[in-house]
Structures are given as structure tokens and as C-alpha cells.
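The values are calculated or read from the model by the stated rules, or taken from the named source; none is laboratory data. Since we're looking at a predicted model, the values are computed, not measured. Cβ placement follows ideal geometry from the backbone for every residue including glycine, while neighbour counts extend to all protein chains displayed. For the accessible areas, the whole protein counts, side chains as well, though only heavy atoms, and no ligand, DNA or RNA atoms are used. Shrake-Rupley method; radii C 1.70, N 1.55, O 1.52, S 1.80 Å.
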Amino acid sequence: FDRVNTSPRTKIARLNDDSTLDSGFQVNTMATGNYFSSITDIYHIVSQSDGKLLLSGQFTYLVSGVSKKNVVRLNENGSIDPTFNLGIVIEDLFPSSNLSTNKPVPRADGKVVVGTTRDNGVNSIIAPLLLNSNGSWDTSFTPTLFSGDNLVTVLDLAVMEDGKILISGRHDFSTGMNTTQTGFVARLNADGTTDTGFQIFETLSTWMFKFTVLDNGKILVVSQSNQQSFAQRLNPNGTLDGTFNSGTGANGKINA
């Protein structure tokens, strides 16, 4: 969109609690200062404890004249936060598929976990990756989960209270001339190593799209396979909860 209630707004807006447009929040798309040079889509908006906003999507912006893309931090008034100087190029490898990639999630220590895609044929970026609070890449965080696979895409993630990181998505691996696509839910320790106390949940020919952690620690997850979507529930250790059965599921994509 480029207007909200007839007021100019480019893809991002904020409403007051009475539903009126917040006139004190507006992103800069004018070619002055720190500004967005293009905005195609916004996939995620995540609030930090200090009120600043982490955004991901398909966009480019300039900080001190240097072009950045796809992940940004905004101040409370919508201006680009120049103290978050993204130090790595984060690509959107699925720009036409409407997959909500590159989700940023803040940690209690101020660092930000980003659910990226690693394609051994296109880039060598890890998935997920960790950014310092100033936007630089924390290279000490080096997850090796599915490191030998052709493609690993993290579509959803959450930072748990104990600092562990729950992720879901899809990994592709080749055996001879064949490529197998497998959806997964896994958990990492705070340092990026694989949490061996969590049984990785996998299903063949599937994308694991979204999940939510319930109050009792169980995990509700939505997967899609050949235009058929299923809701499943996992126990806190990653095993399938057999007491939850959603039947044949929905005959289309479930987004959340």
C-alpha cells in the first residue's frame, strides 16, 4: 500500500489503539539522510524491549550512504536506526514464492537471530545466523545442523526463555541423481550447536511453515505438502504428540 486513510504511507504504518493512523510514525522514502530506496514487501515486524522495531522483507535502504537490504531496525518514530549497521548481505532467495524468510528475533542479550537460507550453490551463509546488537555478524555462532545439505531454509524461529533457539523449515539433500526435500523442526543451543535433547522432527516432501510454543511447552506446527496442509503437535522434546490428530488437514496452504 502507499496510503492509509488517504495519508501517504509506503508499505509500513502504525495505528493508535483507537485505530486512527499514528502521525508520529513514518518511514523515510525521500532521498535524504538514512532512507528506504525501495520497499517491495514487509514479511516480519518484531518489537524489541526498548520499543525499536526489527523488520525483514524485500527492501533496500541507505545508512550513511551505504546500501543495505532486507533486514533493518527502526526507531520508535519509524526512522532508520543508524546504530544498527547491518554487516552482512542477507538475500531473499525466494522473492516470488511468498515465503516469509529472514525472520529476525531479538535475544535477551540484545543480539538478533535471523532465520536465513543457506544455498550451497548460491551463498555460503549459515542458517540461522546471529547479529550483534549493532548489526554486525557474530561469526562465533556457527550452527552445523544439516551442514552437508544442498539447501537449508529456516522459515520460523523462536528464542526460548532458556536461550535455546527453536527453528523450522526445509532441508534438501541429494542421493545420487535424486534430491529429497524434508521439512523439519529442530532446536539449537544458545551457541548454535544442535540441542541433542530435542528429537529433530522431520517429514518427507514437506515445508514446515509456522509454529507456536504453547504454555505447556508443546509445539503446534503447520506443514504443507503438495497443496495439502496439516496441523501437528509436538511434545516439548520434539516427539510427535499422538493425542493430537487434525485428520486429513486443509486442501491448501495454511499460513499461520
**Message:** Distance between the C-alpha centers of region 123-196 and region 7-24? Whole Å please.
**Reply:** 35 Å
**Item:** Environment charge of ALA231, counting only residues whose C-beta is closer than 12 Å and scoring Lys/Arg +1, Asp/Glu -1
**Value:** +1
**Message:** Could you check the spin-label model distance between PHE94 and ASP162? Points 7 Å from the Cα along Cα→Cβ, value in nm.
**Reply:** 2.9 nm
**Request:** Could you provide, to the nearest whole Å², the per residue accessible area of region 115-181 with probe 1.4 Å?
**Result:** 42 Å²
**Asked** In whole percent, how big is the carbon plus sulfur part of the accessible area of region 48-191, probe 1.4 Å, protein atoms only?
**Response** 48 percent
**Request:** Grab the beta carbon distance between THR193 and SER64, set R0 = 45 Å, and tell me the FRET efficiency rounded to 0.05.
**Result:** 0.80
**Prompt:** Between ASP22 and ILE45, what is the spin-label point distance in nm, taking each point 7 Å from the Cα along the Cα→C-beta axis?
**Reply:** 0.8 nm
**Message:** At 7 Å along Cα-to-Cβ for each site, give me the label-to-label distance between GLN181 and GLN228 in nm.
**Reply:** 1.6 nm
**Asked** Going by accessible area, probe 1.4 Å, with all protein chains left in place, what is the ranking of GLU161, GLU202, largest first?
**Response** GLU161, GLU202
**Message:** Just to check, using Stokes-Einstein with a Kirkwood Rh over alpha carbon pairs, what's the diffusion coefficient of region 23-70 at 25 °C and 0.890 mPa s in µm²/s?
**Reply:** 211 µm²/s
**Prompt:** So, with +1 on the Cβ of K and R and -1 on the Cβ of D and E, and no other charges, what is the size of the charge dipole of the chain about its Cα centre, to the nearest 20 debye?
**Reply:** 360 debye
**Request:** Starting from the Cα of LYS52, draw a straight line to each of the lysines and keep only those under 20 Å, dropping any in the same chain fewer than 8 residues away.
**Result:** LYS11, LYS68, LYS69, LYS103, LYS111
**Message:** Keeping all protein chains in the complex and leaving out DNA, RNA and ligands, what accessible area do you get for THR175 with a 1.4 Å probe, in Å² to the nearest 10?
**Reply:** 80 Å²
**Prompt:** Which residues does a label at THR239 reach in region 195-212, if reach means a backbone N under 11 Å from a point 7 Å past the Cα toward the Cβ?
**Reply:** 199
**Request:** Using DSSP to define loop residues, name the chymotrypsin sites (Phe, Trp or Tyr not before Pro) in region 179-255 whose beta-carbon has at most 16 other beta-carbon atoms within 10 Å.
**Result:** PHE244
**Request:** Give the residue from GLY242, VAL114, MET177 lying farthest towards the positive end of the charge dipole for the chain; charges sit on Cβ (+1 for Lys and Arg, -1 for Asp and Glu) and the dipole is referred to the Cα centre.
**Result:** MET177
